[in-house]
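> Shown below is the structure under consideration.
The values are calculated or read from the model by the stated rules, or taken from the named source; none is laboratory data. All values derive from a computational prediction rather than experimental measurement. Reconstructed Cβ throughout: ideal geometry from the backbone, glycine too, with neighbour counts over all protein chains shown. SASA here: full protein model, heavy atoms, side chains in, ligands and nucleic acids out. Shrake-Rupley method; radii C 1.70, N 1.55, O 1.52, S 1.80 Å.
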Amino acid sequence: MIRQTISYLLALTSIYAVAQNSNTMEPPSLEELTGDYVIMNYKEYEGVKLLADMKNMRMTSERATLTLSGFYMTGSEDFTAAYDPTDGTISIEAGTQLLGGESGFEQYIYLWDQDNEAVKTTPIKLLYQSDGSWKIDDAIVLMSGVEGGSLTPYYFSNGTVIRRANATTENVSYVGWGGEQEIYMESRPSYVEITNNRITVYNMLQKDQFGYGCSFTGTFTTDGRASFAPAVIGQANDYTYKVLAGCLYDDNENKPIEVTDAGTRSEGFVKGNIDIENGTLQIEPMAIWAGNADNGYVTLNSNRSYFEFIKSVKISFSPQGTSSIDKIIAADSEEPVAIEYFNLTGQKLPKSQARGLIIRRTTYNNGNYKNEKVIIK
C-alpha cells in the first residue's frame, strides 16, 4: 500500500543559489518585471505554515503601470499594483476586486486582522527578498459574496511567495475511457529547485479546474537517474485524496493498469532522467489515483480508480536560474515516505491488523528503509 504522510511543506535550497544568496540582488526595474511567475500560497495548520497551493501568474509593465494577471485563479480579473523600484516592494490596494462580472459572484482581497477578525484597509505589500523573490507573511483573505449581498471572509493565504518562473512543463494527459476519452496537451510556467541531489518542480501539472498546479520532489544520481516519491496533491469533490504515483499502463488505450512495483517498498515511485547541464527532466508515465486518509496516511483505493493518466512529462529549466525557498536540507537527509507492517514470518499486514509484536518497515525518500520490531496494542 502507498502510505504517505500528508505534507505540503517543501523546504529546499538550490546549489546554484549560493552565490546569489551571498549578495543582495538589486530590485529589478519596472520594465524588467514583465514575465511569467509562480505564486505559492501557504496556510496555517495547527500553528505550522504549509505550502497549500500554487499557480502561474504573469506580470506586465507598460507605461509606468504594473499589471498582475492570474493572481488568484483561472478567470480572475487582472488588476494593477504599485511598484517601488528602490526597494522592490509590490503594493496591492485593499479591496482590489479579483472576481466579478456577469456571474454576480464577487471577491475582494484584503489583509486580515486575526485578533479582531476583521479586514485591514492598509495595502497588501509583497516585500522583495535578497534571492529575487517577493514575500508576505501576513494573513490575506478574500471577501466573497453575491452582488449586493453581504461578504464573508475566506482565507487566501497565511503567507505568500512569488518567484519568477525558471522552467516550462509540458505534459500529455488522458482523462476518461473509450470513446469519451479526452487528450490534453498542456504547457505551463514552472519553478525548478535543486539542492545537492534533490529536485522539486513547482506548478508541474494542473490539478484542478481553477488552474492550480502541484509540486513533485525527488532525488537523482550522478548518472542522471531520478526517482520521485508518490505525492498527495489535493482532494476530490467526494473528499477522497488525489495521489500522484507511477503506473504500469496500456499503451493502446492510454490508461493506467496498476501502480508501479505494487506490494514492494518502492510502490508508486516514479522514475525519470535528468540532464543538469542542459536543463531537462523527463518523467515516466504516472497517474493521479484516488486515495483515502487513515490516521495521517493516505492509501490508494483498492480498486485502483484514477482521475487522470499522465503519459509524458518534460520539464525544461534554466540550470543557473534555480534558487532557494526556505532552508537547506543536507544531501543525506532522510524523510519517511511510506510505512508498512509485516508479521514475524514476513507476511504483509494491513494497518488495521497490525497488532502485537510485528515488524514495521519505514521507507525513506532516498530509497533507504529501516525494519524495526515493535509492539502495537
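> Leaving out ligands and nucleic acids, and using a 1.4 Å probe, what accessible area per residue does segment 163-315 come to in Å²?
43
> I would also like to ask the following. Which shape class applies to segment 45-160: rounded if a/c is under 1.5, otherwise prolate when a/b exceeds b/c and oblate if not, where a ≥ b ≥ c are the square roots of the Cα gyration tensor eigenvalues?
oblate
> How large is ³J(HN,Hα) for each residue in segment 165-171, as worked out from phi by the Karplus curve 6.51 cos²θ - 1.76 cosθ + 1.60 (θ = phi - 60°), to whole Hz, x for Gly and Pro?
Couplings: 4, 10, 8, 10, 9, 10, 9 Hz.
> Tally Lys and Arg at +1 and Asp and Glu at -1 over the other residues with C-beta under 10 Å from the C-beta of G159: what net charge comes out?
Values: positive: K43, K49, K135; negative: E44, D137, D138.
Every neighbour counted, the sum reads 0.
> Contour minus end-to-end for V374 and A262, with contour as 0.36 nm per residue of separation and end-to-end as the Cα-Cα distance? Before the final figure, lay out each step's value.
Numbers: separation 112, 0.36 × 112 = 40.32 nm, distance 2.44 nm.
37.9 nm is the gain from fully extending V374 to A262.
> Have a look at P85, P285, P27 and tell me which one the Gaussian network model of the chain (Cα, springs below 10 Å) gives the largest fluctuation.
Greatest mean-square fluctuation among the candidates belongs to P85.
> Using a basic spin-label model with each label point 7 Å from the Cα along Cα→Cβ, how many nm lie between V146 and E93?
About 2.8 nm separates the two model spin labels.
> Could you list which residues have their amide H under 5 Å from that of S133, counting only those 5 or more apart in sequence or on another chain, with H placed in the peptide plane?
Correct list: empty.
> Taking 0.36 nm per residue of separation and subtracting the Cα-Cα distance, what length does fully extending T221 through M185 add?
Details: separation 36, 0.36 × 36 = 12.96 nm, distance 2.93 nm.
10.0 nm is the gain from fully extending T221 to M185.
> Right, here's the next one. Determine the alpha carbon to alpha carbon distance for each of K207/K314; K43/K314; K49/K377; K43/K351; K55/K125; K242/K370 and list only those over 23 Å.
With Cα atoms farther than 23 Å apart: K43/K314; K49/K377; K43/K351; K242/K370.
> Given springs between every Cα pair under 10 Å in a Gaussian network model of the chain, which of Y45, Y37, Y191 has the largest fluctuation?
Its mean-square fluctuation being the largest, the pick is Y45.
> Ok, one more. Could you work out the helix-only [θ] at 222 nm for the chain, with each DSSP H run of four or more residues adding -39,500 (n - 2.57) and the total divided by the number of residues, to the nearest 500 deg cm²/dmol?
So the calculated ellipticity at 222 nm is -500 deg cm²/dmol.
> Relative to the Cα centre, what is the charge dipole magnitude of segment 122-211, using +1 at the beta carbon of each Lys and Arg, -1 at the beta carbon of each Asp and Glu, and rounding to the nearest 20 debye?
Dipole about the Cα centre, nearest 20: 380 debye.
> List every residue whose amide H lies under 5 Å from the amide H of L99, counting only residues 5 or more places away in sequence or on a different chain, with H placed 1.01 Å from N in the peptide plane.
For L99, whose amide H was placed from the backbone, the distant partners under 5 Å are E77, Q107.
> Hey, another quick one. Classify segment 125-199 from the C-alpha gyration tensor, please: rounded if a/c falls under 1.5, else prolate or oblate depending on whether a/b exceeds b/c.
Judged from the Cα gyration tensor, segment 125-199 comes out oblate (a/c at least 1.5, b/c at or above a/b).
> Let me ask something else. Give me the net charge of G234's neighbourhood, meaning all other residues with Cβ under 9 Å from the Cβ of G234; Lys, Arg count +1, Asp, Glu -1.
Values: positive: K207, K242; negative: D53, D208.
Its environment carries a net charge of 0.
> So what J values fall out for segment 155-163 if you push phi through Karplus, 6.51 cos²θ - 1.76 cosθ + 1.60 with θ = phi - 60°, rounded to Hz, Gly and Pro as x?
5, 8, 6, 10, x, 9, 10, 10, 10
> Could you tell me which of rounded, prolate or oblate describes the chain, using a ≥ b ≥ c as the square roots of the eigenvalues of the alpha-carbon gyration tensor, with rounded for a/c under 1.5 and, failing that, prolate when a/b is larger than b/c and oblate otherwise?
The shape class here is prolate.
> Within the chain, what whole-number % of the accessible surface is contributed by carbon and sulfur, with the 1.4 Å probe and all protein chains included in the calculation?
Whole-percent figure for carbon plus sulfur exposure: 48.
> Next question, about the same structure. Applying the Karplus parametrisation 6.51 cos²θ - 1.76 cosθ + 1.60 with θ = phi - 60° to the phi angles of segment 80-89, what ³J(HN,Hα) value in whole Hz is obtained for each residue in order, glycine and proline being reported as x?
Going residue by residue, I get 9, 9, 8, 9, 10, x, 6, 10, x, 6 Hz, with x marking Gly and Pro.
> Now for a different question. Determine the sum of side-chain charges near D251: Lys and Arg each +1, Asp and Glu each -1, restricted to other residues whose C-beta is under 15 angstrom from that of D251.
Net charge around D251: -2.
> Same structure, new question: For E170 and N116 in one chain, what is 0.36 nm times their gap in residues minus the Cα-Cα distance, to one decimal in nm?
Stretched out fully, the E170 to N116 stretch lengthens by 14.9 nm.
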